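Chemist: I'd like to ask you about the structure that follows.
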Amino acid sequence: IDGTPQVGQPSSITLSFKNPLRMELTECQFNYAGPGLSRNISIPFRDIAPLEEVRVEHQLVPQKASEKQTIVATFVSRELVDVTGSIVVDVDEA
């Protein structure tokens, strides 16, 4: 997440992934969620070439202030499933 998220203000989140396989990944999708930060979001993504690193940027608007909010992100494709990462962020009042 860029900067410190604030309630009611758009924040940019960047999800990244490197294809560890020597084969193309198809039917790719990024997903993320964070209680009080964002509902479950699914972002369809293009096919990913062997060993390619990709990034996708998305906007979220936090709904409540809180310390130590966890955002959990997953990547899935036909060839790989349930690749998971997370980050803990603090959300400030606006």
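Values quoted throughout were computed directly from the atomic coordinates according to the rules given, and no laboratory measurement underlies them. Owing to the predicted nature of the structure, the values given are computational and were not obtained by experimental measurement. A quick note on method: Cβ atoms are made from the backbone with ideal geometry, for glycine too, and the neighbour counts reach across all protein chains shown.
Chemist: List the GluC sites (Glu not before Pro) within region 1-85 that DSSP assigns to loop and that have no more than 13 neighbouring Cβ atoms inside 10 Å.
Modeler: Glu27, Glu52
Chemist: May I pose another question? Work out from phi, with θ = phi - 60° and the Karplus expression 6.51 cos²θ - 1.76 cosθ + 1.60, the ³J(HN,Hα) of each residue of region 5-15, listed in order in whole Hz, and give x for Gly and Pro.
Modeler: Working through the residues one at a time gives x, 10, 4, x, 10, x, 10, 9, 10, 10, 9 Hz.
Chemist: Using θ = phi - 60° and the Karplus curve 6.51 cos²θ - 1.76 cosθ + 1.60, what whole-Hz ³J(HN,Hα) does each residue of region 39-55 get, with Gly and Pro shown as x?
Modeler: Whole-Hz 3J(HN,Hα) from phi for region 39-55: 6, 5, 10, 10, 10, x, 9, 5, 5, 10, 5, x, 6, 6, 9, 10, 9.
Chemist: If you plug each phi of region 17-23 into the Karplus form 6.51 cos²θ - 1.76 cosθ + 1.60 with θ = phi - 60°, what whole-Hz ³J(HN,Hα) values come out, in order, with x for Gly and Pro?
Modeler: Values, residue by residue: 7, 10, 5, x, 9, 9, 9 Hz.
Chemist: Something else about it: Tell me, which longest segment in the chain has none of the trypsin sites (Lys or Arg not before Pro) that fall in DSSP loops with at most 15 further Cβ atoms within 10 Å?
Modeler: 23-45
Chemist: Taking amide H atoms as placed 1.01 Å from N in the peptide plane, list the residues 5 or more away in sequence, or in a different chain, whose amide H sits under 5 Å from that of Asp47.
Modeler: none
Chemist: Also, quick follow-up: How would you rank Ser66, Ser86, going from fewest to most other Cβ atoms within 10 Å of each one's own Cβ?
Modeler: Going from least to most buried by this count: Ser86, Ser66.
Chemist: Excluding Thr4 itself, calculate the net charge of residues whose Cβ lies under 14 Å from the Cβ of Thr4, where each Lys or Arg counts +1 and each Asp or Glu counts -1.
Modeler: Every neighbour counted, the sum reads -4.
Chemist: In the set (i) 22, 18, 12; (ii) 28, 11, 11; (iii) 49, 14, 9, which value of semi-axes √(5λ) of the Cα gyration tensor in Å was calculated from the structure you see?
Modeler: Structure-derived value, by its label: (ii).
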